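The values are calculated or read from the model by the stated rules, or taken from the named source; none is laboratory data. Nothing here was measured: the structure is a model prediction, and the numbers come from that model. Cβ coordinates were reconstructed from backbone atoms using ideal geometry, including for glycine residues, and neighbour counts include every protein chain displayed. Please note that ligands, DNA and RNA were not included when accessible areas were found on the heavy atoms of the full protein model with its side chains. Shrake-Rupley method; radii C 1.70, N 1.55, O 1.52, S 1.80 Å.
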Amino acid sequence: MRIATYNVNDVRKRIGPLRAWLDVTAPDVVCLQELKCQTGEFPRDAVRAMGYESLVLGQRSWNGVAILAKGVEPLEIRRGLPGDPGDREARYLEAAVHGVVIGCCYMPNGNPQPGPKFNYKLDWFRRFNAHAASLLASGHPTVLAGDYNVVPSDADIYSTRSFLDNALLQPAPRAAYQSLLDAGWTDALKRQSPDAPLYTFWSYLRNRWPRGAGLRIDHLLLSPKVAKRMRSAGVDQAVRGLEGASDHAPAWVELEN
């Protein structure tokens with residue numbers, strides 16, 4: 001069973017690269033972020049033609065998450081992150097697929113920091129970690145996949161020099177991410193490649209993709225039962241080089257059935 005995550009950065013605009021990737025890799029489950037469209041505007045028919053049913057939580061112009069399942073309907077569990085009924089941003093969706101709970105997350109970027117956007121990032125992270133703890137306590141096999149907008153360590157970025165003030169590298173979100181690992185979640189990409197970073201994002205600015213100047217901000221966290229089933233994990237970096245592609249590349253984990 002292959003579970004993937006991909007910040008598609010406008011699903012309607014990137015439908016070509018999305019199709020090309022799915023045609024080659026055919027993951028069983030796909031978590032998409034940054035749809036940049038309302039729920040009703042999601043290209044369900046085009047995605048169904050690729051062999052996938054979709055569960056969508058959209059938002060006009062910004063955010064938006066979706067869970068795609070190959071040949072089956074994702075069984076919806078939750079729309080939105082608990083803990084703040086006033087939070088209307090479309091950043092979290094949860095479903096069951098083939099007996100695994102899939103949490104698709106698009107964490108706030110947090111820039112500029114300090115300020116209200118960074119405070120929102122930290123509050124969202126706090127609520128996310130609380131929900132992640134409840135999922136661990138349930139004992140259900142779970143994968144929390146998405147764009148976390150956190151570079152876990154200085155080893156997960158080509159250079160910190162241009163990012164010292166960036167919210168992605170600040171101590172507080174890094175500590176929040178580490179607390180997930182300390183609680184028992186397994187970082188699939190880190191487990192697969194503990195010494196060499198598997199970059200998932202290359203900015204459109206400053207020729208960063210051709211230069212290999214990447215960051216690791218898209219993650220797949222595995223609950224203990226799922227971690228025992230992990231065969232391999234990786235990043236389909238070639239997708240970033242496709243014409244008109246997102247500035248992210250898909251990341252994935254392969255599980256024993």
| Do the conditions hold for residue 204, that is, is it aromatic (Phe, Trp, Tyr), at pLDDT 95 or above and open to solvent by less than 50 Å² (accessible area, probe 1.4 Å)? | no
| request: Return the residue satisfying two criteria in turn: it lies in the stretch 10-51 and is touching a Cys at 6+ places or on another chain (Cβ under 8 Å) and open to solvent by 30 Å² or more (accessible area, probe 1.4 Å), and of such residues it is farthest from residue 64 (Cα to Cα). | output: 12
| note | Flagged in the stretch 210-236 as part of a loop (DSSP other than H, G, I, E, B) and not basic (Lys, Arg), in numbering order, are 212, 213, 214, 217, 223, 236
| query | Just for the stretch 144-166: of the residues that are in a helix (DSSP H, G or I) and not hydrophobic (A, V, I, L, M, F, W, C), which one is surrounded by the most Cβ atoms within 10 Å (Cβ to Cβ)? | reply | 156
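Residue-wise test of (1) closer than 13 Å to residue 218 by Cα; (2) touching a Phe, Trp or Tyr at 6+ places or on another chain (Cβ under 7 Å); (3) among the small types (Gly, Ala, Ser).
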residue: 101; (1), (2), (3): no, no, no
residue: 111; (1), (2), (3): no, no, no
residue: 114; (1), (2), (3): no, no, no
residue: 122; (1), (2), (3): no, no, no
residue: 129; (1), (2), (3): no, no, no
residue: 137; (1), (2), (3): no, no, yes
residue: 146; (1), (2), (3): yes, yes, yes
residue: 159; (1), (2), (3): no, no, yes
| remark: Counting only residues in the stretch 106-142 that are open to solvent by 30 Å² or more (accessible area, probe 1.4 Å) and among the aliphatic types (A, V, I, L, M), the one farthest from the chain's Cα centre (by Cα) is identified as 137
| query | Among the residues of the stretch 55-76, which ones are surrounded by 22 or more Cβ atoms within 10 Å (Cβ to Cβ) and assigned to a strand (DSSP E or B)? | reply | 55, 56, 57, 65, 66, 67, 68, 69
| One residue from 256, 243 being touching a Lys or Arg at 6+ places or on another chain (Cβ under 9 Å) and among the charged types (D, E, K, R) | 256
| Cross-chain or 6+ apart pairs with Cβ under 8 Å, the stretch 26-39 first and closer than 14 Å to residue 58 by Cβ, then among the acidic types (Asp, Glu) | 33/147; 34/10; 34/147; 35/10; 36/10; 37/10
| query | Listed residues 132, 188; which is of a type in the set (Gly, Ala, Ser) and under 25 Å from residue 247 (Cβ atoms)? | reply | 188
| field | Residue among 242, 198, 220 that alone is touching a helix residue (DSSP H, G or I) at 6+ places or on another chain (Cβ under 7 Å) and within 18 Å of residue 131 (Cβ to Cβ) | value | 220
| task | Of all residues in the stretch 185-201, count the ones that are under 24 Å from residue 141 (Cα atoms), open to solvent by less than 30 Å² (accessible area, probe 1.4 Å) and in a loop (DSSP other than H, G, I, E, B). | result | 2
| remark: Only one of (1) within 17 Å of residue 249 (Cβ to Cβ); (2) in contact with a helix residue (DSSP H, G or I) (Cβ under 8 Å, 6 or more places away or on another chain); (3) in contact (Cβ under 8 Å) with a residue 40 or more places away in the chain; (4) not acidic (Asp, Glu) does not apply to residue 209, and that is (3)
